[in-house]
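The structure appears right after this line, and notes come after that.
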């Protein structure tokens, strides 16, 4: 990595949690300058605009979340346990201080009507997560863990939407009660499809 690439990465790494918390519109270039302790000229010497930083911040956060999910699921032996590990990952994330919620939800909500490029990136990340869930369900069906009547696509869409909604409620209410109910319901559905 060149010095310029390291500097860009450093700026994105420091800016990403701020943008995830305050939003793209709510984050000022001064917030980024303060977090990086670089000059405004140095920040703008590496990025053309705050929007460019926001785009890379989303990519950075989405990549981290994806890697964390894969890591959590990789520790499980069965496909059922992989899905349960995914659910526990989301529950742990919502419980952690300073995570500021799911970047897909945060960026997606803000970009819905205002930023088609970010909206497209969020849609791509949503589909990747749904595809991951569906892939695990399909693998479980092929391995004989799950009944053939278990619909991978329907379950993945439902699970993702329910989890994101539960995370949103948990962040707003400051407790995990609804998210836990959602995850327990999804676990029960998985158990119902086990052979």
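Details
- Filtered by the rule that a residue be more than 17 Å from the chain's Cα centre (by Cα) and either buried (at least 17 other Cβ atoms within 10 Å of the Cβ) or in a helix (DSSP H, G or I) (or both), segment 98-116 gives 115, 116.
- Among the candidates 85, 111, residue that is closer than 23 Å to residue 174 by Cα and either at pLDDT below 90 or touching a helix residue (DSSP H, G or I) at 6+ places or on another chain (Cβ under 7 Å) (or both): 85
- Of all residues in segment 140-182, those satisfying the criterion of being in contact with a helix residue (DSSP H, G or I) (Cβ under 7 Å, 6 or more places away or on another chain), surrounded by 13 or more Cβ atoms within 10 Å (Cβ to Cβ) and not in a helix (DSSP H, G or I) are 145, 146, 150, 176.
- Yes/no for residue 95 being more than 21 Å from residue 123 (Cα to Cα), surrounded by fewer than 13 Cβ atoms within 10 Å (Cβ to Cβ), at pLDDT 95 or above and touching a helix residue (DSSP H, G or I) at 6+ places or on another chain (Cβ under 9 Å): no
- Filter pass, residue 129 being within 17 Å of residue 166 (Cα to Cα) and out of contact with any strand residue (DSSP E or B) (no Cβ under 6 Å at 6 or more places or on another chain): yes
- Taken as a whole, the condition of being without any contact (Cβ under 8 Å) to a residue 40 or more places away in the chain, more than 19 Å from residue 56 (Cα to Cα), over 13 Å from the mean Cα position of the chain (by Cα) and surrounded by fewer than 19 Cβ atoms within 10 Å (Cβ to Cβ) does not apply to residue 119.
The values are calculated or read from the model by the stated rules, or taken from the named source; none is laboratory data. Note that the structure is a prediction, hence the values are computed from the model and not measured. Ideal geometry is used to build each Cβ from the backbone, glycine not excepted, and the neighbour counts take in all protein chains shown.
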